[in-house]
Amino acid sequence: MDFPTTLIKAVKGTRDLLPPATEVWNGVEAAARAVFRAYNYHEIRTPIFEETQLFARGVGEETDIVTKEMYTFEDRDGSSLTLRPECTASVIRAYIEHRLDQRPGMQKLYYLGPMFRRERPQKGRYRQFYQIGAEAIGSESPMVDAEVIEMVVEILKRAGLAGFELLINSVGDRNCRPQYVERLRQELKSVAQGMCGDCQRRADTNPLRVLDCKVEADQPIIEKLPSIVDHLCDACRAHFEAVKQSLADRGLPYQVRPRLVRGLDYYMRTTFEVVHGSLGAQNSVLGGGRYDGLAEALGSKVHSPGIGFSIGEDRLVMIVEGGQSPAPLDLFIAPLGEPALRHAALMARDFRESGLSVELAEGKLKRVMELANKLGARFALIVGENEMAAGRYALKDMSTGEQESLTRDEIAAKLATALNC
RNA sequence: GUGGGCGUAGCUCAGCUUGGUAGAGCGCCGGAUUGUGGUUCCGGUGGCCGAGGGUUCGAAUCCCUCCGCCCACCCCA
């Protein structure tokens, strides 16, 4: 008998989510769905892969994301497909394709599911990762920005997260941003040589990223660089002020971070991020922003301004985990002997039908009681010959050890009261 | 793509410096207790010591190569 010498394992950067961790994932997702519902967002499910061009156009042809960090492959007919690295482009594509702009009001859509990136994995960053996100399409109002931010904070709270910080910024629009970037580039020409190697390179290739440098020695220089919030055009400044005002009205604490510059071309005006200290180098739990030109870039004939965010679910689960325990088992049934087993199977079905989680296992009583304990059962029900003859069964409360002899109706009533609280 | 750390039981790890044929705790299984769990006690199962090659009488241990995982960088969706 030959056994394979190399075990097949989950591929690099992917992982299995096992119970009881999956309970935490479901808890986070349930919290998100509840909040989405409260804000009148509705779920959209887009394909997990798309034509490569969608992401290339949406994200920017020249970015690292497109050139080397996507899961791109050739289909059998020669077309280039890509596993979605994010969902915003897909949502906008669907919005255009199905003329959702013709539907009444704004489109408020949410999604959740796996995304893919082809990078070296590290803490909180996997090749298959999960995002929960939403897009509000069809309005430029700063009130929408604030509501989206309020909603995402509500999701985090509802999911059980505490101790996070909300960071916001405005990156301007097509008018003022290029001017600011040029200004920054000029400024860097004189100071860049005093900075770290990465920054010297970025000063040319991607000046905005210099602002995000973490090298300690560079910080004094960065402090003196011009800030984007001082270079917004009138319209962008008014928008930003209105967003901040609305956040204040809503009692949402935030910090303005002029150095919060999202890397993607399509972001305009409001950008935001939530960070949490326990995450290591990848400390961002969620990011989002306004993308008023994206729909046009993807071929929309109508102006479809939007704002959205996506939560890194892997990271959120990582910091929420531990606070929640797996769902307990309501009832464990221990039948003794063959006739009791058949009888118990029917009892199990009835209790399950009434909404309880029920497990049933045969074997030596000591053995199955041990199992009941390990499974975290709230109650154990012993079904033996004595019980069947008497029509009264032994119901044991596993936490107190108390046991009483009850009829089926009494058991049902007792379980209902004990478990409904 | 680049750098660093780590691969020994299901899990967490010791053993490696100074080579002598594999350990602990937890878990799992059984017993003390023929129909009663948790605590306790006793016993047991469990390892191609990541893979391949080399040195040696002898390698988990020393050397080389490869693979995998983790962390960080680049970048960030």
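For region A:232-292, the share of alpha carbon pairs falling in successive 5 Å distance bins from zero is 4, 14, 23, 28, 18, 10, 4, 1 percent. Reducing region A:237-298 and region A:64-132 to their Cα centroids gives an inter-centroid distance of 20 Å. For the pair residue A:174 and residue A:42, label points projected 7 Å from Cα toward Cβ lie 3.1 nm apart. Evaluated with a Cβ-only charge set (Lys, Arg +1; Asp, Glu -1), chain A carries a dipole of roughly 480 debye about its Cα centre, given to the nearest 20. Taking amide H as placed 1.01 Å from N in the peptide plane, the amide H of residue A:165 sits under 5 Å from that of A:275, each at least 5 places away or on another chain.
Centre-to-centre, using Cα atoms only, region A:33-61 and region A:369-418 are separated by 49 Å. If every alpha-carbon in region A:107-230 counts as one equal scatterer, what log10 I(q)/I(0) does Debye give at q = 0.09, 0.15, 0.18, 0.22 1/Å? These q points yield log10 I(q)/I(0) values of -0.41, -1.04, -1.15, -1.16.
When DSSP beta bridges are restricted to pairs lying wholly in region A:329-419, around 45% turn out antiparallel.
For residue A:108, a cut-off of 14 angstrom between C-alpha atoms picks up these aspartates and glutamates, skipping any fewer than 8 places away in its own chain: A:43, A:135, A:140, A:145, A:147.
Amide H to amide H, with H built 1.01 Å from N, residue A:311 comes under 5 Å of A:132, A:133, counting only residues 5 or more places away or on other chains.
Report the convex hull volume per residue for region A:14-123, counting only C-alpha atoms, in Å³. Normalising the Cα hull of region A:14-123 by residue number yields 140 Å³. Here the sum of -39500 (n - 2.57) over DSSP H runs of 4 or more residues, divided by the residues of chain A, equals -11500 deg cm²/dmol at 222 nm, to the nearest 500. The aspartates and glutamates within cross-link reach of residue A:396, meaning a Cα-to-Cα straight distance under 14 Å and a gap of 8 or more places when in the same chain, are A:330, A:370, A:387, A:404, A:410. Residue by residue, region A:365-382 carries 3J(HN,Hα) couplings of 4, 4, 4, 6, 5, 4, 5, 4, 5, 5, 7, x, 5, 6, 9, 10, 10, 9 Hz when phi is fed to the Karplus relation 6.51 cos²θ - 1.76 cosθ + 1.60 (θ = phi - 60°); x denotes Gly or Pro. Which of the GluC sites (Glu not before Pro) found in region A:323-421 are loop residues per DSSP with 10 or fewer other Cβ atoms within 10 Å of their Cβ? Here the sparse-neighbourhood loop sites are A:402.
Computed from Cα positions, the angle between helix A:142-158 and the longest principal axis of chain A comes to roughly 30 degrees.
Of the residues A:261, A:294, A:276, the one whose Cα sits farthest towards the positive end of the charge dipole of region A:215-304 is A:294 (charges of +1 on Lys and Arg Cβ, -1 on Asp and Glu Cβ, taken about the Cα centre). Relative to the longest principal axis of the Cα atoms of chain A, the long axis of helix A:408-419 makes an angle of roughly 30 degrees. Let me see the pair-distance distribution of chain A: every alpha carbon pair, 10 Å bin width, integer percents in order. Pair shares across the bins are 4, 17, 23, 20, 14, 10, 8, 3, 1, 0.
Measure nothing but the geometry: give the 0 to 90° angle between the long axis through the Cα atoms of A:21-38 and the longest principal axis through the Cα atoms of chain A, rounded to 10°. The angle comes out at about 60 degrees.
Pairwise Cα separations in region A:329-419 fall into 5 Å bins from 0 onward with the following percentages, short to long: 3, 15, 29, 30, 19, 5, 0.
The order of the peptides A:213-226, A:235-248, A:303-316, A:97-110 by mean Cβ neighbours within 10 Å, most packed first, is A:303-316, A:235-248, A:97-110, A:213-226. Between residue A:379 and A:331, A:332, A:398, the built amide H atoms are under 5 Å apart, and every one of these is 5 or more places off in sequence or on another chain.
Evaluated over the Cα positions of region A:155-283, the convex hull gives a direction-averaged projected area, one quarter of its surface, of 8.9 nm².
Laboratory data are not the source of any read-out in this text; all were calculated from the coordinates shown. None of these values were measured; they are calculated from a predicted model. FYI the Cβ positions are ideal-geometry reconstructions off the backbone, even for glycines, and counts take in every protein chain you see.
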